[in-house]
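To keep things clear, I will list the structure first and then write my remarks on it.
The values are calculated or read from the model by the stated rules, or taken from the named source; none is laboratory data. Just so it is clear, the model here is predicted, and its values are computed rather than measured. Neighbour counts are summed over all protein chains in view; Cβ atoms, including those assigned to glycine, are modelled from backbone coordinates with ideal geometry. Keep in mind that these areas ignore ligands, DNA and RNA; they rest on the heavy atoms of the full protein, side chains included. Shrake-Rupley method; radii C 1.70, N 1.55, O 1.52, S 1.80 Å.
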Amino acid sequence: IKLSHSENEYFIIGFADKPKLLVDWTRGDKAFEEAVNKLNHVVVEGSATALFDTCYLSIEKMRSHSSHLKQAIILVSDGIDSMSQYTFKDVRERLRETGILLYSIGTLPGGHGSSISMEGRAIMDEFSSMSGGVAVYPESEKKIEAIFDQIAVELRSKYLLGFKPSGDKADGKWHQLKVKVTPPATAPPALSNLTTRSRNSYYAAKNLR
């Protein structure tokens with residue numbers, strides 16, 4: 001929060017067997033600090049987890065408060081769901097429809113580590129990559145702090161690119177999208193292998209003019 005724009009707004013949801021709103025929309029970091037302390041009493045190691053329900057609820061909460069064009073969710077989880085009413089597909093499609101970025105930080109209950117299950121990784125990788133975010137799996141608490149700082153800086157420096165598809169693509173369907181960067185020939189070696197992260201598809205509305 002300290003590295004982000006002062007006009008940003010935040011909420012925090014903790015979850016075990018069901019999602020629980022710990023802090024409603026706020027701009028201050030004091031409320032967040034108190035919420036994180038509460039979070040330790042909400043998540044119980046080995047308990048059932050409603051990951052998909054929590055993600056879906058977060059998306060809907062953001063869409064109902066859409067005064068900001070740029071919206072992002074930071075998910076801290078092991079990626080495993082055991083009792084949600086919503087499904088992986090429900091969350092994936094809703095993310096794709098809304099254009100909300102999702103950043104995933106993989107962590108293990110009771111500690112940190114990269115041995116998070118392949119299933120959990122696959123879920124968080126998919127949610128993050130298709131939305132234009134990224135999934136990371138830190139091995140220590142210190143690295144987690146650095147990742148939050150990196151996300152804050154990235155959200156402040158994103159570019160907005162747009163284009164209108166040709167007439168034959170305005171078919172009311174989803175189309176794959178890939179953004180590439182071609183550095184100039186005079187670019188220094190450090191900038192010769194630039195890559196981008198962006199949404200991997202777009203919806204071509206019919207009757208687009």
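Out of (1) open to solvent by less than 30 Å² (accessible area, probe 1.4 Å); (2) modelled with pLDDT under 90; (3) touching a strand residue (DSSP E or B) at 6+ places or on another chain (Cβ under 9 Å); (4) closer than 28 Å to His175 by Cα, the odd one out for Ile116 is which?
Going through (1) open to solvent by less than 30 Å² (accessible area, probe 1.4 Å); (2) modelled with pLDDT under 90; (3) touching a strand residue (DSSP E or B) at 6+ places or on another chain (Cβ under 9 Å); (4) closer than 28 Å to His175 by Cα one by one, Ile116 breaks only (4).
Failed condition for Val36, given (1) surrounded by fewer than 16 Cβ atoms within 10 Å (Cβ to Cβ); (2) free of Cβ contacts under 8 Å to residues at least 24 places away in the same chain; (3) closer than 27 Å to Tyr86 by Cβ, with all others met?
It fails just one condition, (2).
Being over 22 Å from Glu9 (Cβ atoms) and open to solvent by less than 40 Å² (accessible area, probe 1.4 Å): is that true of Ala135 here?
Considered against the rule, which asks whether it is over 22 Å from Glu9 (Cβ atoms) and open to solvent by less than 40 Å² (accessible area, probe 1.4 Å), Ala135 comes out as yes.
Can you tell me how many residues in the stretch 84-111 are surrounded by fewer than 19 Cβ atoms within 10 Å (Cβ to Cβ), at pLDDT 90 or above and not hydroxyl-bearing (Ser, Thr, Tyr)?
Residues that pass the stated criteria total 7.
Can you run down the residue pairs with Cβ atoms below 7 Å, 6 or more apart or on separate chains, where the first is in the stretch 60-79 and at positive phi and surrounded by fewer than 16 Cβ atoms within 10 Å (Cβ to Cβ) and the partner is hydrophobic (A, V, I, L, M, F, W, C) and in a loop (DSSP other than H, G, I, E, B)?
Note: no pairs meet the criteria.
Restricting to the stretch 152-182, name every residue that is within 16 Å of Ala204 (Cβ to Cβ) and modelled with pLDDT of 80 or more.
Across the stretch 152-182, the qualifying residues are Lys173, Trp174, His175, Gln176, Leu177, Lys178.
Given the condition at pLDDT below 85, over 26 Å from Tyr159 (Cβ atoms) and of a type in the set (A, V, I, L, M), answer yes or no: does some residue in the stretch 11-21 qualify?
No, that holds for no residue.
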